[in-house]
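For reference, the structure discussed in these notes is given below.
The values are calculated or read from the model by the stated rules, or taken from the named source; none is laboratory data. Model, not experiment: these values are computed from the prediction. Glycine gets a Cβ as well: all are built from the backbone with ideal geometry, and neighbour counts include every protein chain shown.
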Amino acid sequence: MERVDVVTLGEILVEIMRTKRDVPHNVVGEYVGPYPSGAPAIFADACARLGLRCGLIGVVGDDDFGQLAVTRLERDGVDISYVKIKKNYTTGTAFVMYNSSGARKFIFHMRHAAAGQLSPHYVNVEYISKARVLHVMGSTLAINRRNYKTCFRAVEFAKKAGITITFDPNLRPELLDARAIRELCKPFLEASNIVMLSQEEARTLTEIRNPIEAAKKLLEFGPKIVAIKMGDKGSIALTREKIIIEPAFEVNEIDPTGAGDVYDAAFVVELLKGSPLEKVIKFANAAGAIKVTRFGPMEGPTSYKEVEDFIAKAKLKQIPPSDTHLL
């Protein structure tokens, strides 16, 4: 059994996207795709492209969509030994539209698709325990009880093995309401060493608007580090000893889908290099910034060097006066 640096698990999808903004799903119009997607799959692909050995546990259907996704993952270097191909199920899909504000709306087919057939029996204890990091996504927890139990089993193995557990709540209001999401996430917040989430997700989980105060509240669950992704305002990271604020890079946004997953991957990559937290979140910001300039969920940076070169050349955005309270 090949040893990997990172293991993640969950939905492998294809994504089909509106070509124009502000066109709701209930209006006849054009879509493009399919694109390989699914938060854990995007994370795994980004880890591999940035130089880590990353394994993915998931399920696809025995169809063209599944073949598309698995081919992309394998091409980019993801270990797909534990990706199951399930007959009589179709590969999960996500339809997405964007508003001019940047907000998105999804229609998912996951619960009754192959993505919803993840099983605790697919989690190999030796495979998990030999990794350095286990990464869990909240979107996987929300699909159904079976997926939840599978993630919980993986976390139990990781805890016993003493490996680092990272968690992105990756909330999907299309799947569950806020109260149910908080209940689902609580055991994983308590078990994780590092939590990475968006500002809106931090607000949902804590009911606190200020991101720094929300992060402090999340630290009370037990993680050592909480990183909050704030889009074009950059990101912050808190430990019990310090607060780090890193501004965003100036880029022309084309497609934000997958940027948070790429951020997570870059965070883990730099963390495993032993870099100080300031460098970790700058590197993660840069990887996420590269992603938003490219159309398609998995179209993030192609190499570690690309992110380094971007940091050397790109300009940092100024923190606007309205956000000086973060300092």
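A compact table of results
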{"quantity": "Filter pass, Asn170 being in contact with a helix residue (DSSP H, G or I) (Cβ under 9 Å, 6 or more places away or on another chain) and at pLDDT below 95", "calculated": "yes"}
{"quantity": "Conditions (1) out of contact with any Leu (no Cβ under 9 Å at 6 or more places or on another chain); (2) at pLDDT 95 or above; number of the one not met by Thr164", "calculated": "(1)"}
{"quantity": "Some residue of the range 65-72 being basic (Lys, Arg) and under 14 Å from Gly300 (Cβ atoms)", "calculated": "yes"}
{"quantity": "Which listed residue, of Lys282, Lys291, Lys305, is in a helix (DSSP H, G or I) and surrounded by fewer than 21 Cβ atoms within 10 Å (Cβ to Cβ)", "calculated": "Lys305"}
{"quantity": "Boolean, Ile128 is in contact (Cβ under 8 Å) with a residue 40 or more places away in the chain and either of a type in the set (Gly, Ala, Ser) or buried (at least 21 other Cβ atoms within 10 Å of the Cβ) (or both)", "calculated": "yes"}
{"quantity": "Which listed residue is surrounded by fewer than 24 Cβ atoms within 10 Å (Cβ to Cβ) and in contact (Cβ under 8 Å) with a residue 40 or more places away in the chain, from Asp64, Asp5", "calculated": "Asp5"}
{"quantity": "The range 132-171, residues that are among the small types (Gly, Ala, Ser), crowded, with 23+ Cβ neighbours inside 10 Å and over 17 Å from Met110 (Cα atoms)", "calculated": "Ala154, Ala158"}
